[in-house]
Every structure is written in C-alpha cells, then in structure tokens.
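The values are calculated or read from the model by the stated rules, or taken from the named source; none is laboratory data. Worth saying up front: this structure is predicted, and the values here are computed from it rather than measured. Glycine also receives a Cβ, built like all others from the backbone with ideal geometry; neighbour counts cover every protein chain displayed.
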Amino acid sequence: MITVAVPGKLYIVGEYAVLEPGSAAVLVGIDRQVRLRLTRTTSAGPAVRTITTSHAPGRVIEFIHRGTGFVPVSATTADAAGLSHVLAALEVVDRYAAESEHEPTGFALDIDSQLDDPGTGRKYGLGSSGAVTVAVVRAAARAYGLSLNPDMELKLALLSVFSVDPHCSGGDVAASARGGWVYYRTPDRAALTAALARDDRSFATLIRQPWKHLAVRSLPPPRGLSLEVGWVGRPAKSGELVSAMKQAVRHRRSAYREFVTASDHCVDRFAAACRDGDDRAVEAALSTAGRLLRGLATLSGLAIESPDLARLRCLAEELGAVAKSSGAGGGDCGIALIDPARAPILWRRWRAAGIEPLNLRVHQRKGSIG
C-alpha cells in the first residue's frame, strides 16, 4: 500500500494579483491534510481503478482502461465533476508514464480530507483541490515506479490544475507540495498550454525545462509572531469571486495593473522581511497587503473583506496585531500575525464575536524552484 499526506494551504499576501503570469504570492502549507491510500490491483483483463472518498462514504467509483485511457464504469456526471482534479491528476501521470513505456496500472484509491469540518462538512477554504492534486500525482507516480524529483512532481501537479481551470494561479498546489512558508510566482500558463498542444512536446521534456516566470521558494517564518487563523462561519465561493473580479476590472485595466504592481512589490517586501528576520517589516507588508485588497474591493465593487472579516481584522488590530482576509475573501478565513502571548486573548475575542479560531499550525517541508 502507498500512503501520502499532503497539507492544505492559506494565502498570506498576494491574492488576486498572483492570477497574473509573473506575479507572486506568499502562502503557507498548514497541518490539516488530504490523506490518500493507494493499493495496487491486478486483473486478467484491462486495468481497473476504483476511487472512494470521505465525502461519499460507501460509494465506489470504478474506471476501466480502454484504448488510450481509463473510462468510467460506474461514475455519473456528478461523480466526474466532483473528482475533476483527481481525474486530471491521474490523466497527467498516466500520460507521463505512457511516454516512459509503462503499462496502465490498476489500483484502489481512497481519499480522506481533513480540510473541512469533520462534524458538519463545512468548508474552511484550505485548498482541497490543490492538496488532492498533489496527493494523487505523488501516489500515482509511486504506483508506476516513476522517478520524480520535487520540481517535476510540482510541475505535473500544476499541469493538472491548469487543465481543469486554465485561469487558476496554482499557488495552492505550490503550498501543498512544499509545505511551510512558500513564495510562489505564477508561470506563463498560455505558453504551457501552447507547448502541450504541440505533438512533438512530451511531458518529460516540458517538466524538465525551465518555465517562464515560475518560481517557488521556501521562506523562514516570522521570528516572534504567531500566525492565527479565524473562520467567519460562512464559506466563500472563490471561483465565482475570481470570475466576477475579471469582469469587474475588464474596463479598468490601468487601475488593476497598478494594483498588481503594488501587490508584487508588497509580496517581495514580505518575503525579504522573512528572510531578514525583520518582524516589523513583515507586519508592515501584511498591513499593506490588506489595504491593497480593500482598495481592489472598492475598484471592483466586490465584497472581498466581508463585514465578518472586517470584524476579525479590527479585533486583532485592537490587540496590536496585523490582520487581513486570506484568499479570495467574501467569507472563509482571515489571518492575524500577533505576539504569541496575546493569541489566547485574540481567540477569546474572536469567539465572543462569533468567529471560530482554527487550531492550525504550519506544516514544514523544504524545496525551491527558480
């Protein structure tokens, strides 16, 4: 049996701007995980795969290899939609394995996510699609016996999520693949799509060559600050917010480019402050990032910082902390950097305001590209 555990993520700085090729964000991998168990199977005929998930206990979804790929036997349209990132990751690894002349392999895949509330299934916005993509790529590559270094694994996972959503940044994938505090710069997705469309371009060639703009680097954490996370009790629809943002700024490109440029400078200042061990500069950059997002909300007319997230931030600021929304906003989580001695007070104040403190810590794993 092959087992893997992959952390979820939280955005720290760089939201929305990181959607632009060449722009950057800082994220963290957190200690709630997607856990995956893969058991190889054999059959007299074509290779067979089954998938079970913690979201649908007792439901077994089956695929069989026909022609050039795996086709569903018992999967419905809803199953395929719910497993879009899983199936995309499997397809990418299958294609890479086929180029290396590996025969299709059958297995039973069981996926268990800890990224949602275990009692209610409420979503916290911790990046389940990125985490499950990394987990599936890692496990399936091991099942084939493929030799992938961390950079190659990351690139296969990025190709997987880009095939599902060509407009996503891939930052969640980088955070889940690397863990810890991660600086991520988005590659040129259009160039990758064009490369994949060329018949003479193999996956092996593509993942071994440099990608324009792509950079992934581990950062040291702030030295004397504790990262605290609060959930406002309402899940956000990040995909809808991102789509609405693209529409809202379509005729305000100049102002939006100013936001992106300012955000990139802010991310670079945050990363430099982490490397220098300068907590005051870390706090200043986080504060600037929050202010930039509130300005983007005014520009676009979207509620990035909802009233609940604004309350989360203000309660933290009253204690001398720096806080902001995390991710696309509109709900989900906010973050605060605070003196560890004052964190218990912040938790009490958040709870009194109906904000749920999440007992999350940073998951550590090192690695860098670019």
*In the stretch 184-233, which residue that is in contact with a Phe, Trp or Tyr (Cβ under 8 Å, 6 or more places away or on another chain) and assigned to a loop (DSSP other than H, G, I, E, B) is surrounded by the fewest Cβ atoms within 10 Å (Cβ to Cβ)?*
220
_If I filter the stretch 21-65 down to residues being in a strand (DSSP E or B), without any contact (Cβ under 8 Å) to a residue 24 or more places away in the chain and of a type in the set (A, V, I, L, M), which single residue comes out as surrounded by the most Cβ atoms within 10 Å (Cβ to Cβ)?_
61
*Hey, which of the helices (runs of 4 or more DSSP H) in the stretch 265-370, taking only ones fully inside, have at least 3 residues that are buried (at least 21 other Cβ atoms within 10 Å of the Cβ)?*
279-300, 307-317
*Could you look through the stretch 159-171, keep only residues that are in a helix (DSSP H, G or I) and in contact (Cβ under 8 Å) with a residue 40 or more places away in the chain, and pick out the one that is nearest to residue 202 (Cα to Cα)?*
159
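If you go through the stretch 74-93 one residue at a time, how many are touching a helix residue (DSSP H, G or I) at 6+ places or on another chain (Cβ under 8 Å) and without any contact (Cβ under 8 Å) to a residue 60 or more places away in the chain? Before you say what the answer is, go through the steps one by one.
To start, the set of residues in the stretch 74-93 that are touching a helix residue (DSSP H, G or I) at 6+ places or on another chain (Cβ under 8 Å) comprises 80, 84-93.
Filter again for without any contact (Cβ under 8 Å) to a residue 60 or more places away in the chain, leaving 80, 86-87, 90.
Matching residues across the stretch 74-93 total 4.
Considering 83, 27, which residue is at pLDDT below 95 and under 30 Å from residue 183 (Cα atoms)? Talk me through it step by step, then tell me what you get.
On the way: 27 fails: at pLDDT below 95.
Unique residue meeting the criteria: 83.
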*When you go through (1) in a helix (DSSP H, G or I); (2) more than 27 Å from the chain's Cα centre (by Cα) one by one for residue 89, which number turns out not to apply?*
(2)
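Does at least one position in the stretch 127-147 carry a residue that is of a type in the set (Ser, Thr, Tyr) and in a loop (DSSP other than H, G, I, E, B)? Don't jump to the end; show me each part of the working.
Initial filter on the stretch 127-147 (of a type in the set (Ser, Thr, Tyr)): 128-129, 133, 144, 147.
Applying the additional criterion that residues be in a loop (DSSP other than H, G, I, E, B) yields 147.
Yes: the stretch 127-147 contains one or more residues that are of a type in the set (Ser, Thr, Tyr) and in a loop (DSSP other than H, G, I, E, B).
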*Taking the residues in the stretch 110-124 that are modelled with pLDDT of 80 or more and in a loop (DSSP other than H, G, I, E, B) as candidates, determine which candidate is surrounded by the most Cβ atoms within 10 Å (Cβ to Cβ).*
115
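If I filter the stretch 237-251 for residues that are surrounded by 13 or more Cβ atoms within 10 Å (Cβ to Cβ), in contact (Cβ under 8 Å) with a residue 60 or more places away in the chain and within 25 Å of residue 93 (Cβ to Cβ), do I get at least one hit? First the steps, then the outcome.
Filtering the stretch 237-251 down to residues surrounded by 13 or more Cβ atoms within 10 Å (Cβ to Cβ) leaves 237-239, 241-242, 244-246, 248-249.
With the extra rule that they be in contact (Cβ under 8 Å) with a residue 60 or more places away in the chain, the set shrinks to 237-239, 241-242, 245-246.
Okay, now just the ones that are also within 25 Å of residue 93 (Cβ to Cβ), so 239.
For the stretch 237-251, residues surrounded by 13 or more Cβ atoms within 10 Å (Cβ to Cβ), in contact (Cβ under 8 Å) with a residue 60 or more places away in the chain and within 25 Å of residue 93 (Cβ to Cβ): present.
Results for (1) in contact with a Lys or Arg (Cβ under 8 Å, 6 or more places away or on another chain); (2) not polar (S, T, N, Q), shown as yes or no for each residue.
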site	(1), (2)
234	no, yes
247	no, no
251	no, yes
257	no, yes
304	yes, yes
